[in-house]
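The values are calculated or read from the model by the stated rules, or taken from the named source; none is laboratory data. Here the structure is a predicted model, which means the values were calculated and not measured. Every residue, glycine as well, gets a Cβ built from its backbone with ideal geometry; the counts of neighbours run over all protein chains shown.
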Amino acid sequence: MVTHGDSRSGPASAEGGVRERVDVLVVGGGNAGFSAAHAAARRGRRVLLIEKGRAEESGGNSYYTAGAFRIAHGGPSDLDGLVEHDERMARTELPAYSPAGFHADMKRVTGGRNDPELTAALVDDGRAALDWLRGLGLRFRLMYERQSYTDASGRHVFWGNLAVGSVGGGKGLIEQHEQAARAGGVEVRYGCRATGLMVDEGRVCGVRWVGADGQAGRIGAESVVLAAGGFEADADLRREHLGPGWERAYVRGTPLNTGDMLRAALEAGARPGGDWSTCHSVAWDTGAPPGGGDRERTNTLTRQSYPLGIVVNTEGRRFLDEGADFRNYTYAKYGAEILRQPGGRAFQVFDAELRPMLRTEEYDAPGTTEITAPTLEELARRMGVPEDAFTATVRAFNSAIDRTRPFEPAVKDGRAARVDPPKSNWAHPLETPPFYAYPVACGITFTFGGLAADDRGRVLGADGAPMPGLFVCGEMLGGLFSGNYPGGTGLTSGTVFGRRAGAIA
Ligand SMILES: Cc1cc2nc3c(=O)[nH]c(=O)nc-3n(C[C@H](O)[C@H](O)[C@H](O)COP(=O)(O)OP(=O)(O)OC[C@H]3O[C@@H](n4cnc5c(N)ncnc54)[C@H](O)[C@@H]3O)c2cc1C
């Protein structure tokens, strides 16, 4: 077990006694846990953050992210004080994103199953929460490479209401959180897994833990903030809650989010919250390691430029509307669609005209699984899909495109292919060799089910009242998402609710 920081609390005793006490104990060292820890520490509370991963495995899913944060904003001038200067700003078109727009997106993508109180906190507090992180030394930027296209006049046009990201992506985010924690006097202890909650006369008063070295103990705390992620990395829990087949999903992020604290909190009387039967999952390189993310390549194993091309299954047939909406509003539900296909596999297909428009960090990264061929027939053979079915799919698609409309990737251009299923926007004929196929599987990101809580992050018990001493934030908070998710909302949620929990813990 490795400790960084000010060890004002005494050494942990063996399981059985409590010789160590803190004011606020945070479980989980991802974006949500660090946000809670900063907020509590800056109020003068004695804060200990325990993290299951050893230092070299730490940062949770947050480490693997692209660092994208969805916030409402008033356009470039409004974002000036938050993001770092970029010389491209003078040639940038970045539409404002109103709180009403954010609310509408949450409602639309979740089919209205988002909790209204939690959503209001997320939307109304998101910008202020990022300004607060900025004040603690975290750095933000505009994500040109992920969220903008360059138009014919050389202007950078942002699309999909997602513009702000952390400097250095998820890796930078975690590094900057760790620096801020050190500066704020938060003690961070790695290789320390919480195994259960201590409860005394109805009040949560600490946790039991076990170290990577087998040492075990208890830590007493006035408040416990749970920020220990979902159950996405536990194949049995996936199968149980998400359904058969989900045990085969690739884990995109940390292998350590195995639902430990969800189980512990439910056992202690917490009420489950949100939708336990759905999750965030995406198109993921089939060459990726299945049981957990790659700490080097992190988010680059995702394949997110599918709205420009077509997606076929191993029978050579399309099965979803690649252009139903901007990628930010469809990607998190399309992983599940891939899982449902034969063998849980699919291929994203593009031609030479589209290829330069694909996200460089994802499609040009070393190790990307890529198949190319000079003809569609040869591509089918190399993909291992039936040649006739595949070429018939592409020809039917090409001939159904409304070519009277211009192809404009930064707006919903309405350039549809009226086939079954339709492609509603950005339909571009696959005619120019060479052709490219990217094999993808379903990569699970995080689970949507969690604990029920109020909008200050207080965990609710079975009677619907807050459980004294217990708070929750991040992936462990249930109720915001169901079935789908607007890109960049997980990190914002972690900071908003982490900060709120840390402000009262
Ligand atoms: C590849 C990838 C890319 C993503 N990109 C984005 C993005 O750009 N923008 C966005 O908003 N979201 C993104 N997400 C989703 C985002 O990662 C999550 O919404 C967010 O990071 C969750 O933060 P968290 O702090 O709740 O959880 P995590 O960051 O997962 O932190 C939870 C921590 O708890 C620890 N833990 C678990 N059990 C225990 C225990 N028993 N005791 C102690 N510690 C424990 C884990 O080790 C982990 O470090 C992405 C996710 C992945 C995997």
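Yes or no, residue by residue, for (1) within 17 Å of GLY185 (Cβ to Cβ); (2) part of a loop (DSSP other than H, G, I, E, B):
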site: ARG21; (1), (2): yes, no
site: LEU25; (1), (2): yes, no
site: GLY29; (1), (2): yes, yes
site: PHE34; (1), (2): yes, no
site: ALA39; (1), (2): yes, no
site: LEU49; (1), (2): yes, no
site: GLY53; (1), (2): no, yes
site: ASN61; (1), (2): no, no
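Candidates ALA392, ALA380, ALA410: the one that is crowded, with 17+ Cβ neighbours inside 10 Å and at pLDDT 95 or above is ALA380. Filtering TYR306, TYR329 for residues that are crowded, with 22+ Cβ neighbours inside 10 Å and under 26 Å from THR278 (Cα atoms) leaves a single hit, TYR306. The residue that is nearest to GLY67 (Cα to Cα), counting only those in segment 442-477 that are touching an Asp or Glu at 6+ places or on another chain (Cβ under 8 Å) and more than 12 Å from the ligand (Cβ to nearest atom), is GLY449.
Within segment 444-467, which residues are in a loop (DSSP other than H, G, I, E, B) and touching a residue at least 24 places away in the same chain (Cβ under 8 Å)? Residues satisfying the conditions are PHE448, GLY449, ALA452, ASP454, ASP455, ARG456, GLY457, ALA462, GLY464. Filter segment 479-505 down to the residues that are assigned to a loop (DSSP other than H, G, I, E, B), more than 12 Å from the ligand (Cβ to nearest atom) and closer than 17 Å to ASN114 by Cα and list them by number. Result: GLY479, GLY483. Of everything in segment 253-290 that is of a type in the set (Val, Ile, Thr) and in a loop (DSSP other than H, G, I, E, B), the residue that is farthest from GLY490 (Cα to Cα) is THR286. Scanning segment 173-194 for residues that are in contact (Cβ under 8 Å) with a residue 40 or more places away in the chain, within 22 Å of GLY67 (Cα to Cα) and surrounded by fewer than 18 Cβ atoms within 10 Å (Cβ to Cβ) returns GLN179, ARG182, ALA183. Residues that are assigned to a loop (DSSP other than H, G, I, E, B) and crowded, with 23+ Cβ neighbours inside 10 Å: does segment 127-137 have at least one? Scanning segment 127-137 turns up no residue that is assigned to a loop (DSSP other than H, G, I, E, B) and crowded, with 23+ Cβ neighbours inside 10 Å.
Per-residue answers, yes or no, for (1) surrounded by fewer than 23 Cβ atoms within 10 Å (Cβ to Cβ); (2) more than 11 Å from the ligand (Cβ to nearest atom); (3) closer than 15 Å to LYS52 by Cα; (4) over 19 Å from the mean Cα position of the chain (by Cα):
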| position | (1), (2), (3), (4) |
| --- | --- |
| GLY196 | yes, no, yes, yes |
| VAL199 | yes, yes, no, yes |
| GLY202 | yes, yes, no, yes |
| VAL207 | no, no, yes, yes |
| GLY217 | yes, yes, yes, yes |
| ALA228 | no, no, yes, no |
| GLU240 | yes, yes, no, yes |
| PRO244 | yes, yes, no, yes |
| ASN257 | no, no, yes, no |
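In the set (1) more than 15 Å from the ligand (Cβ to nearest atom); (2) of a type in the set (D, E, K, R); (3) without any contact (Cβ under 8 Å) to a residue 60 or more places away in the chain, ASP23 fails one condition alone, (3). Count of segment 76-85 residues, restricted to those that are charged (D, E, K, R), modelled with pLDDT of 95 or more and either within 16 Å of the ligand (Cβ to nearest atom) or assigned to a loop (DSSP other than H, G, I, E, B) (or both), is 1. For GLY101, the conditions (1) surrounded by fewer than 23 Cβ atoms within 10 Å (Cβ to Cβ); (2) within 21 Å of THR278 (Cα to Cα) are fulfilled apart from (2).
Here ALA152, ALA183 are screened, and the one residue that is of a type in the set (A, V, I, L, M, F, W, C), away from the ligand (no atom under 15 Å from the Cβ) and within 28 Å of ARG54 (Cα to Cα) is ALA183. Can you name the residue in segment 29-75 that is more than 27 Å from GLU361 (Cβ to Cβ), among the small types (Gly, Ala, Ser) and in contact (Cβ under 8 Å) with a residue 60 or more places away in the chain and is also nearest to the ligand (Cβ to nearest atom) among such residues? Here the answer is ALA36. Of the numbered criteria (1) surrounded by fewer than 18 Cβ atoms within 10 Å (Cβ to Cβ); (2) assigned to a strand (DSSP E or B), the one ALA152 fails is (2).
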